[in-house]
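To start, the structure itself, in structure tokens.
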Amino acid sequence: HPNFLRQGIALKLMNFAQDQAIKNHIHAIRLDVSVNNTPASELYKKLGYQYQGTVDLGLGYEHLIWFDLYELPLV
């Protein structure tokens with residue numbers, strides 16, 4: 001929601017997810033994000049997620065066809 005932009009909430013959520021993954025011995029976090037969601041893509045890159053490619057996830061929605069895939073190895 002626009003009222004909650006630029007407050008660091010996404011960063012806190014991402015850090016929490018990473019901490020939980022590490023505590024639970026998860027080897028990597030993998031995310032997919034719509035190619036139209038530039039703010040999320042930029043956040044993932046800033047946090048060290050590595051771009052893995054772009055795919056059609058076959059969701060069947062005209063506005064959600066292509067997704068960028070990101071991965072953060074934790075080991």
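Miscellaneous remarks
- Index of the failed condition, G60 passing every other in (1) surrounded by 11 or more Cβ atoms within 10 Å (Cβ to Cβ); (2) part of a strand (DSSP E or B): (1)
- Any hit, the range 42-51, residues being surrounded by fewer than 11 Cβ atoms within 10 Å (Cβ to Cβ), free of Cβ contacts under 8 Å to residues at least 12 places away in the same chain and assigned to a loop (DSSP other than H, G, I, E, B): no
- Pair list, Cβ under 9 Å, 6 or more apart: the range 7-24 residue in contact (Cβ under 8 Å) with a residue 40 or more places away in the chain, other residue open to solvent by 70 Å² or more (accessible area, probe 1.4 Å): A21/H27
- Considering only residues in the range 5-23 that are in contact with a helix residue (DSSP H, G or I) (Cβ under 9 Å, 6 or more places away or on another chain) and part of a helix (DSSP H, G or I), the one that is least open to solvent (accessible area, probe 1.4 Å) turns out to be M14.
- Within the range 24-38, tally of residues that are open to solvent by 100 Å² or more (accessible area, probe 1.4 Å), within 25 Å of Y61 (Cα to Cα) and not polar (S, T, N, Q): 1
- Taking the numbered list (1) at pLDDT 95 or above; (2) within 11 Å of the chain's Cα centre (by Cα) in turn, V35 passes all entries but (2).
- Here I26 fulfils each of the conditions (1) in a strand (DSSP E or B); (2) at pLDDT 95 or above apart from (1).
The values are calculated or read from the model by the stated rules, or taken from the named source; none is laboratory data. No experiment lies behind these values; they were computed from the predicted model shown. Here the Cβ is made from the backbone with ideal geometry for all residues, glycine too, and neighbour counts use every protein chain on show. Ligands, DNA and RNA are excluded from the accessible area calculation, which covers all protein heavy atoms including side chains. Shrake-Rupley method; radii C 1.70, N 1.55, O 1.52, S 1.80 Å.
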